[in-house]
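Only one structure is covered here, and it is reproduced in the block below.
The values are calculated or read from the model by the stated rules, or taken from the named source; none is laboratory data. All figures in this text were calculated on a predicted structure; none of them were measured in a lab. Please note: Cβ atoms are built from the backbone with ideal geometry, for glycine as well, and neighbour counts cover all protein chains shown. Calculation scope for accessible area: heavy atoms of the full protein, side chains included, ligands and nucleic acids excluded. Shrake-Rupley method; radii C 1.70, N 1.55, O 1.52, S 1.80 Å.
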Amino acid sequence: MVERQKLQVDLAHKDFYPDFSLQYMWQRTDPTQFRAYYMLSFGVRFPIYRSAKQRPELAQAESELNRSHSELESQSQQIASELRIQYDTVEKTADLLRIYKEGLLPQARAEFQAGVAAYQNNRQDFQALLASFLDVLHLDEEYWENTSVRETASARLEELTGLSLREEGAKQ
């Protein structure tokens, strides 16, 4: 759109200059009755409506160019903001997933296994065992929800940048 508006401004500038035209025409009719017909014409069109027509057209083209620059800048800022948000989401959820995977989930599973062993030896009641099992389920559910958020943000980053993040990650 910016390029199109630049061309419109260039065209509006060119309207201030005169237009020259040169035409040549040749017509061949029946050679026995008529001679060949040749015509050469030259024309000049002078812009005499500078203040009434050309200057407002130029002003409009320049304002449209400025508007298209503003829209481009606005879209660039919007995309940059979206990139920052998605990148932050990917980074934060990656850290959170690491915490779940390395700390919370193994600890909850170990607590549940210990609860199972204690329940089998009649040292713990079923309600405490069920609570530890539900803790494992809730933590697992939160882990997969965060995985979903991270994958969605990664896909949005790939969409915005046009790069495949998975291939780059596999190469490193």
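Before moving on, here are some points about what is shown:
- Heavy atoms of L72 accessible to a 1.4 Å probe, total area in Å² rounded to 10: 90 Å²
- Between region 31-87 and region 100-172, the alpha-carbon center distance in angstrom: 59 Å
- Lysine pairs with alpha-carbon atoms under 29 Å apart, the chain, spacing 8 or more or separate chains: 6
- Note on the chain: with charges restricted to the Cβ of Lys and Arg (+1) and Asp and Glu (-1), its dipole about the Cα centre is near 1240 debye.
- The listed residues E64, E159, E91, once ranked by accessible area (1.4 Å probe) with the largest placed first, stand as E159, E91, E64.
- Sorting Y37, Y24 by accessible area puts them as Y24, Y37; the probe is 1.4 Å, largest comes first, and only protein heavy atoms count.
- Accessible surface of region 45-150, 1.4 Å probe: 54 percent of it comes from carbon and sulfur atoms.
- Only helices enter this figure: runs of n ≥ 4 DSSP H residues, each worth -39500 (n - 2.57), summed and divided by the residues of the chain, yield -24000 deg cm²/dmol at 222 nm to the nearest 500.
- Positive dipole terminus of the chain, leading residue within S41, A131, V2 (C-beta point charges): S41
- In the full protein context, region 16-160 carries 76 Å² of accessible surface per residue, based on a 1.4 Å probe and ignoring ligands, DNA and RNA.
- Taking only Cα atoms of the chain, radius of gyration then Dmax in Å: 37.5, 128
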